[in-house]
């Protein structure tokens, strides 16, 4: 049952992602991206990662995409054909860089770096405690330092954004 | 198909249809009640002609809206213009899936929980779904190809993002006390003492942000008539307009149901059956919404933003901090 669901949702995700790339109107592009985000959240639920799914919807589909749409609508971008070919020589380097990035991602995913904790955290064990509680506990014990560093990084980024946007403070 | 699965399916579908029907009925009666209550608060009579005390007025309005001409502006983005009202209604209905409206009951030997589904991320689910509700309004504003609609849509997006933050932070105090994200656990923890007594500041922040989140007076800037004609639904007519109307009332019922669940003890209460208690508390909250609408004048836009970011947000962070401190001190 859940395999069929996976194939259906995965097909939707990939289709909307492709549409996103080929869509000329930026507003429709943003809407396709929202659909991609939401279907990714469904995939997370199928992988028993309910917390990640909820955060995916709240943060990406709910907050970040609203800001995207906000900016696109405020600027009310016109579709200009000449703007699409502003950089005529970018096509071949872009394809090469894309392939390079894809290879790097594949290597990193296969490496030991991203394996994390596996042996004791079986699906049954995670289900018995609850996704959210387990992630919370790990973030504030084993992964406290990376967690705090990330939060400081985000804080700095937020201050930087305000400084850039508002010259006269 | 085995009997257990069949029973499960029947029970689940019955609950969904029941909750959906009750919410629809409440929307219809809310439209009448709002007009009547506001009228009496302003020493008027309100609708009196259709039925006794205008009781059939919502039905007459509904029929009238159905027969009205459905106008789509010439340069509008047609697909989004049609989809936007549905995108506004659906998220407000989805939230009811996790709200417990009664205790366990025995029907034909099966023990039935009076909640559509009890998921362990209920709290996060509510915010995930409600954050998607913005798109209907924003899309309506953009697709109409009308500057008043666009301004209304953008205003409401800014307002909802700002107040969603405090809406979530206000409830975190309750989640900390309950130590669970499941709404059934939140209700069960309030069997003896309602959370409004433990979290009065949280309740105040929640209710204020809830009014802003559903774009109600005094925070109804997205549809300020004097500046924006009617805001994001300026170009809408007929049933599409009615759907935005429904979405607003459904959202109001949703945030009230969350307030009842998190702060007012859910279905707990003496003497009367749990479901009745839940409906009573819900009606109380909805009456409060109408009361506020007929009492306060509309804020200015900058006042709204200042109030949200410079008063409510620090207050809600302080509330979380104090809740945490008290919990540590008490062990």
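Do you know which residues across segment B:98-141 are touching a strand residue (DSSP E or B) at 6+ places or on another chain (Cβ under 7 Å) and either touching a residue at least 60 places away in the same chain (Cβ under 8 Å) or not in a strand (DSSP E or B) (or both)?
Step one: of segment B:98-141, the residues touching a strand residue (DSSP E or B) at 6+ places or on another chain (Cβ under 7 Å) are B:100-105, B:111-114.
Matches in segment B:98-141: B:100, B:101, B:102, B:103, B:112, B:113, B:114.
Per the conditions (1) surrounded by fewer than 20 Cβ atoms within 10 Å (Cβ to Cβ); (2) without any contact (Cβ under 8 Å) to a residue 60 or more places away in the chain, the sole criterion not satisfied by residue B:256 is (1). The helices (runs of 4 or more DSSP H) located wholly in segment A:1-109 that include 1 or more residues which are under 16 Å from the mean Cα position of the chain (by Cα), crowded, with 18+ Cβ neighbours inside 10 Å and modelled with pLDDT of 80 or more occupy A:2-22, A:26-46, A:50-55, A:65-75.
Can you pull out the residues in segment B:269-286 that are in a loop (DSSP other than H, G, I, E, B) and touching a strand residue (DSSP E or B) at 6+ places or on another chain (Cβ under 9 Å)? Talk me through it step by step, then tell me what you get.
Filtering segment B:269-286 for residues in a loop (DSSP other than H, G, I, E, B) gives B:269-273.
Answer for segment B:269-286, where residues must be in a loop (DSSP other than H, G, I, E, B) and touching a strand residue (DSSP E or B) at 6+ places or on another chain (Cβ under 9 Å): just B:273.
For segment B:67-89, which residues satisfy the criterion of being closer than 30 Å to residue B:120 by Cα and surrounded by fewer than 17 Cβ atoms within 10 Å (Cβ to Cβ)? Spell out how you get there, then give the answer.
Step one: list which residues in segment B:67-89 are closer than 30 Å to residue B:120 by Cα, which gives B:86-89.
Hit for segment B:67-89 is B:86, nothing else.
Residue count for segment B:235-244, restricted to those that are in contact with a helix residue (DSSP H, G or I) (Cβ under 8 Å, 6 or more places away or on another chain), over 11 Å from residue B:84 (Cα atoms) and surrounded by fewer than 21 Cβ atoms within 10 Å (Cβ to Cβ): 3.
The values are calculated or read from the model by the stated rules, or taken from the named source; none is laboratory data. All figures in this text were calculated on a predicted structure; none of them were measured in a lab. Note that we place each Cβ from the backbone using ideal geometry, even for glycine, and neighbour counts take in every protein chain shown.
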